[in-house]
Amino acid sequence: MSDRPRLAPPDAADEALPLHVVPRDGLADWLAARPEAERAWLAAQGFDASLGKTVLLPGPDGGIRGAVTGFGDAPARARSRFALAQAADALPAVAWRLEGALTPDEAAEAALGWLLSSYRFDRYRDRPARPRARLVPPPGVDAARIETL
């Protein structure tokens, strides 16, 4: 099947937009390193780094310069698999790269969840598939293995 979900090619990393993955217990430190305008924007959006909460970050020209998604806390992550996959549905159809301190297992799970969330059984539907956000394989993640899974 040629239209199966795929990750973005690794060479798309340079033009991919950053998706900052922020755990709840690291939110204060992450925000402290961000520009004041960005902190105000995220506060206005109610961003609290809860699991799956995703907010687009506006650029100075009115475009999108990135996004931030909550990684929750350890108990929330233990109760939910593929939590970062929620971001795939909330993001525009461009290439994205994960930014944040994910373990290799978390990065691989994020990539797999991203692909699983983009699957649609539409064999008997006549409507065209909408373009989907694509994830650049995180460093150390075997993209071929994840796509096969």
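The values are calculated or read from the model by the stated rules, or taken from the named source; none is laboratory data. A quick note: this is a predicted structure, and the numbers were derived from the prediction, not measured. Counting neighbours? That spans all protein chains shown, and the Cβs are built from the backbone with ideal geometry, glycine included. For accessibility, only protein heavy atoms count, side chains too; no ligands or nucleic acids. Shrake-Rupley method; radii C 1.70, N 1.55, O 1.52, S 1.80 Å.
Take the Cβ atoms of A43 and S80, set R0 to 30 Å, and the FRET efficiency comes out at 0.75.
Round to a whole number: what % of the accessible area of the chain belongs to carbon and sulfur, probe 1.4 Å?
On the way: 4710 of 8820 Å².
Exposed carbon and sulfur together represent 53 percent of the surface.
Among all stretches of the chain without exposed chymotrypsin sites (Phe, Trp or Tyr not before Pro) (DSSP loop, at most 14 other Cβ atoms within 10 Å), which one is longest? Value returned for the longest uninterrupted segment is 1-118. Amide H contacts of L17 (H built 1.01 Å from N, in plane; Pro and chain starts excluded): A95, W96, R97 sit under 5 Å, all sequence-distant by 5 or more or on other chains.
Taking each residue as 0.36 nm, the span from A13 to A33 lengthens on full extension beyond its C-alpha to C-alpha distance by 4.9 nm. State which stretch of the chain is the longest one without any exposed trypsin sites (Lys or Arg not before Pro), exposure meaning a DSSP loop state and at most 12 other Cβ atoms within 10 Å. In short, 1-80. At q = 0.09, 0.16 Å⁻¹, what is the log10 ratio I(q)/I(0) for the chain, with the Debye formula run over Cα points and no solvent? Debye curve over Cα of the chain, log10 I(q)/I(0) at q = 0.09, 0.16 Å⁻¹: -0.28, -0.88.
Taking only alpha carbon atoms, segment 50-119 gives an Rg to Rh ratio of 0.97, where Rh is the Kirkwood radius.
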